[in-house]
Amino acid sequence: MEQRHLGRTGLRVSRIGLGTLTWGRDTDEHDAAGQLKVFWEAGGTLVDTADVYASGEAEYLLGQLMDGLVPRRDLVISTKAGSIPDPERRFDGSRGHLLSALDASLARLGTDYVDVWHLHAFDPHTPLEETLQALDLAVSSGRARYAGVSNFCGWQLAKAATWQLAAQGTRTRIASTQMEYSLLQRGVEREVLPAALDLGIGLLPSSPLGRGVLTGKYRQSTPADSRGASDHMAPFVAPYLDDTASSIVDAVQTAADGLASTPLQVALAWVRDRPGVVAPIVGARTAQQLSAALSVETLSLPDEICRALDDVSAPVHRYPDHDWSTL
């Protein structure tokens with residue numbers, strides 16, 4: 001699998017990442033092992049997790065598999081901290097919480113360090129400089145090799161990255177940002193992606209298949225074994241089952257038919273090769289599903305197909321987000 005640099009750093013990662021959102025909950029040890037083995041054998045390196053996935057079970061399961069199935073040195077492990085199961089306060093970006101969360105993640109993963117440590121979300125109740133200091137301490141202590149953010153809007157990303165660049169040599173550069181990005185969700189193109197491109201920050205798209213909708217599996221009905229049919233994941237899928245999404249899914253199917261490929265391959269290739277994208281994070285239910293996603297390695301979409309998909313999925317950019325030269 002092709003390797004790409006993570007932002008403006010020397011770290012190289014596979015251009016498709018493996019997500020573990022469902023590990024330890026919907027994906028058991030057997031299926032997780034199958035996924036990791038298929039991913040590793042295909043040349044994949046970037047594995048993404050978080051301390052809140054299955055209340056820590058996803059990290060623990062990944063750690064168990066690294067202990068005997070896949071060598072730790074062959075993987076680039078990314079995890080996140082900052083989300084908390086508190087209805088009164090969803091995010092905790094305090095230095096104390098973050099560093100304690102990192103130590104707990106390392107214990108579950110069974111490793112001395114993570115390759116990339118992401119802040120899971122912006123905490124409006126903690127001074128940003130305090131939150132970012134946790135990244136500096138994590139890297140300077142060797143517990144993390146690189147640092148990133150997740151779910152930061154444009155101004156939050158720009159502020160965080162600029163703060164870190166203001167004292168080079170003492171602060172850790174923001175290497176990456178993880179955001180939802182697909183043909184069904186192009187909101188990052190308004191401000192987040194331009195900021196990331198300008199600041200040399202690599203984008204790691206989550207839900208690159210539109211929460212599974214872009215595979216076409218929901219065109220006629222909701223499969224019984226799909227996320228859309230599960231009680232806890234159905235609300236996650238539902239926003240992308242409207243008429244607007246349906247027209248985009250139809251266009252992806254048309255493109256797939258013309259290329260003798262699959263909707264999954266077309267949708268994933270589109271986001272993988274967007275400017276600023278380093279590696280879409282793919283979450284699969286089975287090793288077979290993951291293999292289907294990894295088969296996109298050989299596909300590059302023709303320019304005319306990309307333009308057609310761009311047009312049918314184009315988000316509305318109004319003042320002040322659009323090009324001012326058109327005013």
Region 265-320 shape via C-alpha gyration tensor axes, a/c threshold 1.5: prolate
FRET efficiency, 1/(1 + (r/R0)^6) with R0 45 Å, evaluated for ASP28 and SER141 via beta carbons: 0.85
Most to least accessible of HIS97, HIS120 (protein chains only, probe 1.4 Å): HIS97, HIS120
Estimated distance in nm for a label pair at ASP243 and THR286, the labels positioned 7 Å out from Cα along Cα-to-Cβ: 3.6
Residues ALA107 and LEU165, FRET efficiency given R0 of 35 Å [Cβ-Cβ distance, rounded to 0.05]: 0.65
Amide H within-cut-off set for TYR146, under 5 Å, with H built and near neighbours excluded: VAL116, TRP117
Given 15 as the ceiling on other Cβ atoms within 10 Å, longest exposed-site-free region of the chain for GluC sites (Glu not before Pro) in DSSP loops: 89-327
Region 107-171, accessible surface, carbon-and-sulfur percent (1.4 angstrom probe): 51
Prolate/oblate/rounded label for region 1-49 (Cα gyration tensor, a/c 1.5): oblate
Net dipole in debye of region 1-150 [+1 Lys, Arg Cβ; -1 Asp, Glu Cβ; about Cα centre; nearest 20]: 540
Cα pair distances of region 171-305 binned at 5 Å [whole percent]: 2, 10, 19, 22, 20, 14, 8, 3, 1, 0, 0
Those lysines that a straight Cα-Cα span of less than 24 Å connects to LYS37, excepting residues fewer than 8 apart in one chain: LYS80
Using θ = phi - 60° and Karplus 6.51 cos²θ - 1.76 cosθ + 1.60, couplings along region 119-126 (whole Hz; Gly, Pro as x): 6, 5, 6, 7, 9, x, 9, 10
Gained length - GLN133 relative to ARG219, 0.36 nm times residue gap less alpha-carbon distance: 26.3 nm
Simple label model, 7 Å out from Cα along Cβ direction - ASP198 to ASP250, nm: 3.9
222 nm mean residue ellipticity, helices alone, for the chain (DSSP H n ≥ 4; -39,500 (n - 2.57); rounded to 500): -11500 deg cm²/dmol
Cα-based Rg of the chain normalised by 2.2 N^0.38 Å, two decimals: 0.97
Listed residues TYR146, TYR60, TYR218, most fluctuating in the chain (Gaussian network, C-alpha, under 10 Å): TYR218
Shape of region 1-104, Cα gyration tensor, a/c cut at 1.5: oblate
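The values are calculated or read from the model by the stated rules, or taken from the named source; none is laboratory data. None of these values were measured; they are calculated from a predicted model. Heads up, the Cβs are rebuilt from the backbone with ideal geometry, glycines too, and the neighbour counts pull from every protein chain shown. The protein model used for the area step is the full one, side chains on, heavy atoms only, and it has no ligands, DNA or RNA in it. Shrake-Rupley method; radii C 1.70, N 1.55, O 1.52, S 1.80 Å.
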